[in-house]
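These notes concern the structure reproduced below.
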Amino acid sequence: MRAHSGTARRTVLAGSIALALLTTAPTAHALSERPQQPHGSLVLVGGGLKDDNKQVYGEIIKRAGGPAARIGVITAASVPESQDPHAGDPDLCSNSACNGAYYADLFKRHGAADAQWIPLDIDHVANADSDAVVAQINSMSGFFFGGGDQYRYLTTLLHGDRHTDSKVLAAIRTKLAHGAVVAGSSAGAQTASGADMVSGGESYEGLRGGSAPGYYEDPARLAYIPEGGFGFLRSGLIDTHTGAYGREGRALRLAADTGHDRVYALEENTALVVDHPGTPREHLTVLGPNGVAVLDLHGARAHIRPRLDPARRPLHLPHRPRPVRRPHLDAPARTGQAAPDTRQHDAGARQHRRLLLLRQPGRRPLLLPHHRPRARLDPRAEHRERHHLRVRPALRRHLQQGRRVLRLDR
């Protein structure tokens with residue numbers, strides 16, 4: 001999927017932008033843009049979730065049923081085994097199956113009754129509509145989406161460009177509506193967002209060049225998916241790794257470009273817990289050692305500045321001398337008085353403009369009739385000419401008298 005950026009550049013005027021930081025104690029309330037009726041909860045981690053974070057893992061397990069919790073682990077954002085050169089080494093592997101087994105073991109060690117990997121990745125897209133996998137989903141009380149590339153989640157669970165629910169995703173929505181917990185870290189948290197889900201980019205490039213819809217191989221280009229992710233949380237955009245990677249800039253630019261007035265910027269190893277997502281009772285709490293920044297753009301203003309066409313942009317602007325005020329020449333003649341004779345002055349002004357043209361660096365003189373290109377002078381002659389040009393009062397008198405200062409025809 002590819003898309004091209006627009007022809008306008010949008011510069012954000014951030015004078016009215018408020019920044020709030022949620023810590024582990026305070027809570028915040030948010031109203032959903034598109035109210036739904038789920039009764040479950042979300043636990044969204046900004047990435048970098050450490051193995052010993054008992055607070056976050058314990059919260060997921062508690063909301064999934066405590067000691068009876070059954071967690072389904074989905075790692076479709078990771079590369080499949082076929083693309084992992086270390087797939088056979090349990091210490092170096094980093095593919096969907098390997099990561100799924102890793103998280104399943106972690107949840108069991110933190111107290112879950114059972115945790116299973118859901119066999120989904122870009123090599124097993126058909127499993128997203130498998131009745132056997134749907135039955136596995138229905139046996140779970142909570143779900144955890146791992147990190148990686150969030151666009152792979154769209155490929156496997158939303159049928160790619162069609163952006164329609166697979167049977168597995170429809171089953172997860174039903175479980176969420178009936179009280180299940182849906183958790184995710186990094187890309188797993190990003191994909192919970194609604195419209196205009198970020199698909200990549202860095203803050204510097206995003207602030208300079210703006211955002212563009214689509215998915216790009218260049219990791220620095222700020223891009224987004226207009227249709228969004230799974231849509232579990234629609235009250236604001238979601239971005240992760242904000243403190244570690246400095247992504248607040250790209251989140252701010254994307255929200256301004258797409259018309260959103262709120263962004264949840266998640267720090268690493270910290271979770272944003274959302275109760276009653278998608279309802280007027282939506283309630284936010286933060287768990288973990290860091291925080292969540294809420295970028296509020298309600299009062300932000302933006303200015304549209306069209307891009308310059310490189311084909312029409314002048315490479316060199318010719319020097320234009322500042323006009324000189326001449327009251328005795330410019331003023332109209334009084335009644336009964338003859339207008340001053342300006343012929344001599346006009347001839348001097350034309351000669352002056354010709355000299356200015358010759359003094360422009362990198363430009364050749366305009367060849368007028370009876371003029372030949374100048375031959376290279378010896379250094380002493382050039383020095384004398386430059387010295388003469390610096391004597392402005394004398395030069396002005398010569399020009400007003402119509403005399404030639406430089407021998408242009410030699």
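Residue by residue through the stretch 195-250, note down the ones that are among the aromatic types (Phe, Trp, Tyr) and either in contact with a helix residue (DSSP H, G or I) (Cβ under 9 Å, 6 or more places away or on another chain) or within 19 Å of ASN290 (Cβ to Cβ) (or both). Please lay out each step first, then the result.
As a first pass, look at the stretch 195-250 and keep what is among the aromatic types (Phe, Trp, Tyr): 204, 215-216, 224, 230, 232, 245.
Those that are among the aromatic types (Phe, Trp, Tyr) and either in contact with a helix residue (DSSP H, G or I) (Cβ under 9 Å, 6 or more places away or on another chain) or within 19 Å of ASN290 (Cβ to Cβ) (or both): TYR204, TYR215, TYR224, PHE230, PHE232, TYR245.
So which residues in the stretch 87-113 are surrounded by 18 or more Cβ atoms within 10 Å (Cβ to Cβ), in a helix (DSSP H, G or I) and touching a strand residue (DSSP E or B) at 6+ places or on another chain (Cβ under 7 Å)?
Matches in the stretch 87-113: ALA97, GLY100, TYR103, ALA104, PHE107.
Of all residues in the stretch 51-68, how many are more than 22 Å from VAL286 (Cβ to Cβ) and either part of a loop (DSSP other than H, G, I, E, B) or in contact with a Phe, Trp or Tyr (Cβ under 9 Å, 6 or more places away or on another chain) (or both)?
If we filter the stretch 51-68 for residues that are more than 22 Å from VAL286 (Cβ to Cβ), which is where we start, we get 65, 67-68.
Next, from what is left, pick out any that are either part of a loop (DSSP other than H, G, I, E, B) or in contact with a Phe, Trp or Tyr (Cβ under 9 Å, 6 or more places away or on another chain) (or both): 65.
Looking only at that region, the number is 1.
Collect the residues in the stretch 135-146 that are assigned to a helix (DSSP H, G or I) and within 20 Å of TYR103 (Cα to Cα), keeping them in residue-number order. Lay out the reasoning, then the answer.
Step one: of the stretch 135-146, the residues assigned to a helix (DSSP H, G or I) are 135-138.
Selection gives GLN136, ILE137, ASN138.
In the stretch 166-182, what residues are in contact (Cβ under 8 Å) with a residue 60 or more places away in the chain and in contact with a Leu (Cβ under 7 Å, 6 or more places away or on another chain)?
LEU169, VAL182
Here is a check on your reading of the model: is LEU169 assigned to a loop (DSSP other than H, G, I, E, B), of a type outside the set (Lys, Arg) and within 16 Å of ALA77 (Cβ to Cβ)?
Values: assigned to a loop (DSSP other than H, G, I, E, B): no; of a type outside the set (Lys, Arg): yes; within 16 Å of ALA77 (Cβ to Cβ): yes.
So LEU169 fails the test.
Restricting the stretch 274-292 to residues that are crowded, with 21+ Cβ neighbours inside 10 Å and among the hydrophobic types (A, V, I, L, M, F, W, C), which is nearest to the chain's Cα centre (by Cα)?
Out of the qualifying residues, it is VAL292.
Does GLY179 fit the bill of being surrounded by fewer than 17 Cβ atoms within 10 Å (Cβ to Cβ), out of contact with any strand residue (DSSP E or B) (no Cβ under 7 Å at 6 or more places or on another chain) and of a type outside the set (Lys, Arg)?
Numbers: surrounded by fewer than 17 Cβ atoms within 10 Å (Cβ to Cβ): yes; out of contact with any strand residue (DSSP E or B) (no Cβ under 7 Å at 6 or more places or on another chain): yes; of a type outside the set (Lys, Arg): yes.
In short, yes.
Output the number of the condition that ARG2 fails; it satisfies all remaining conditions of (1) surrounded by fewer than 15 Cβ atoms within 10 Å (Cβ to Cβ); (2) modelled with pLDDT under 95; (3) in the same structural domain as ARG152 (by TED's automatic domain parsing).
Condition (3) is where ARG2 drops out.
Only one of these is assigned to a helix (DSSP H, G or I) and within 23 Å of VAL79 (Cβ to Cβ): LEU154, LEU176, LEU120. Name it.
On the way: LEU176 fails: within 23 Å of VAL79 (Cβ to Cβ); LEU120 fails: assigned to a helix (DSSP H, G or I).
Criteria check complete, one pass: LEU154.
Residue by residue through the stretch 114-148, note down the ones that are touching a residue at least 60 places away in the same chain (Cβ under 8 Å) and surrounded by 20 or more Cβ atoms within 10 Å (Cβ to Cβ).
So in the stretch 114-148, the residues touching a residue at least 60 places away in the same chain (Cβ under 8 Å) come out as 136-137, 139-148.
ILE137, MET140, SER141, GLY142, PHE143, PHE144, PHE145, GLY146, GLY147, GLY148, listed by residue number.
The values are calculated or read from the model by the stated rules, or taken from the named source; none is laboratory data. Nothing here was measured: the structure is a model prediction, and the numbers come from that model. For neighbour counting, all protein chains shown are included, and Cβ atoms are generated from backbone atoms with ideal geometry for every residue, glycine included.
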